[in-house]
Amino acid sequence: MSRLEIHPGGVVTCQQTREALSDYLEGGLDPPDHAALAAHIEQCAGCTREARELSALLSLIHERVPPLEPAVDLWAEMQPKIQHVLAEERLTVLGRLRLRGERLMNNVAMGMILFTQVLAINTQSHMQKYLLADPFRGAAEDEAG
Amino acid sequence: MPLPSRFLPSQPVAPPRADPDLLLVRQHLSGDPKAFETLFRKYQTPIYNMVARMVRGEDANDITQDVFIKALRALKSFRGDSKFSTWLYTIARHTCLNHLRHKAVLDEESLQEQQEEHPGNEPVDHDMNVVRMAETRELQKVVDEVLATMPAEARLLLILRDFEQLSYDEISQVTELSIVNVKSKIHRARQAFKKRFQPYLELLEGGVGR
């Protein structure tokens, strides 16, 4: 139960009311606090509007917005992944270590292939300027022409 | 050393009510192939609902599957200290937030700054009318569009409380925040949502009044 710090004169301010509106609407306040807020809301047009709007919004979400549901059968889609996990769990400690080792090697190999490709492209772009023009290319074209 | 009799309860204390899902978890761990499917069927809609509203659609199927696969892998470590549903929501929360961070679909801080710089920049659909709003599908679409403009944490709290209808205690466990903090943040999130939803709320209220 939440407890408001009501001013010495027993007066609830608009700010206190608005900060405690969720608790008030959900019945989460102590009875004296609830009564004090109800009394304030009854005589304050601004807080009445705030309370009405928040209440309307919460009712709308709770009652008129249904949960979203998957359009496909996720269980059927998940089957291969589940079988994979269960197969992994059935492995012995040694088997799991071997599987992880194989995966690691696989990733390292993939990384090395990528690195080699990048290196090759980089080298080619750097070496391009050192390539000499083919001296026979022009002559061959003239002959053909 | 035995306790003095004055410290012992006069009536035997009943054990706390067991989480029915815990039984299914134990059945799964003892090799029952149907137990996990039962858990999945029970929670796929709530988890999908949370995920789809957090990540806005297209990746929701994959992320929901990811949540259940993570749960399946971690079931051995589930001791039943919290309810299974709370534990599953915690996995879903981490998975959604990681996805959002990874894809930078919603940078909470930048969005918050953006919204502070341009207050009242609500995505109002001016063609919307009360008849269309009265249709559940349209209403759902508008609510989700407004929800998507909220910062990730506020959106998560609203989803858990108002769309999934979890208790404050459960939300406190899922988010690892104190109950006081959760209540205060949810109230602020509701007010921010109401502000963004105000044009539609007025439309609905006006339509009802007509």
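Coordinate-derived values only; no laboratory data. Source: prediction; values computed, not measured. For neighbour counting, all protein chains shown are included, and Cβ atoms are generated from backbone atoms with ideal geometry for every residue, glycine included.
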Discussion item. If you take every residue apart from A:G95 with its C-beta less than 15 Å away from the C-beta of A:G95, what net charge results, scoring Lys and Arg +1 and Asp and Glu -1?
Written reply: +2
Worksheet entry | Residue-wise HN-Hα coupling along the range A:26-37, computed from phi with Karplus coefficients 6.51, -1.76, 1.60 (Hz; x: Gly, Pro) | 8, x, x, 9, 4, x, x, 5, 4, 5, 5, 5
Worksheet item: Under 19 Å from a point 7 Å along the Cα-to-Cβ line of A:Q15: which residues of the range A:30-46 have their amide N that close?
Response: A:37, A:40-41, A:44-46
Practice prompt. Can you pull a Stokes-Einstein diffusion coefficient for chain A at 4 °C (1.567 mPa s), Rh from Kirkwood over Cα pairs, as a whole number of µm²/s?
Written response: 53 µm²/s
Worksheet, complete the sentence: Rounded to one decimal in nm, the spacing of the 7 Å Cα→Cβ label points at A:Q43 and B:S82 is 4.5 nm
Practice prompt. Would you work out the charge dipole size for chain A about its Cα centre, treating the Cβ of every Lys and Arg as +1 and the Cβ of every Asp and Glu as -1, and quote it to the nearest 20 debye?
Written response: 640 debye
Worksheet entry | Residue-wise HN-Hα coupling along the range B:79-92, computed from phi with Karplus coefficients 6.51, -1.76, 1.60 (Hz; x: Gly, Pro) | 9, x, 5, 10, 5, 4, 4, 5, 4, 5, 4, 5, 5, 4
Fill in: Net charge contributed by nearby residues that have their C-beta within less than 12 Å of A:L68 (K/R +1, D/E -1)
+1
Discussion item. Cut-off under 20 Å on the C-alpha distance; same-chain residues fewer than 8 positions from B:K194 excluded. Which lysines are left, in chain and number order?
Written reply: B:K141, B:K183, B:K185
Worksheet item: From the phi of every residue in the range B:135-143, what ³J(HN,Hα) in whole Hz does the Karplus formula 6.51 cos²θ - 1.76 cosθ + 1.60 yield, where θ is phi - 60° and glycine or proline is x?
Response: 6, 4, 5, 5, 4, 4, 5, 5, 4
Practice prompt. Would you mind pulling out the separation of the Cα centroids of the range A:17-43 and the range A:47-69, in Å?
Written response: 17 Å
Fill in: Charge dipole (chain A, unit charges on Cβ, about Cα centre) - positive-most of A:L99, A:W75, A:L60
A:L99
Practice prompt. Return, in residue-number order, each cysteine of chain A whose C-beta is not under 4.7 Å from any other cysteine's C-beta.
Written response: A:C14
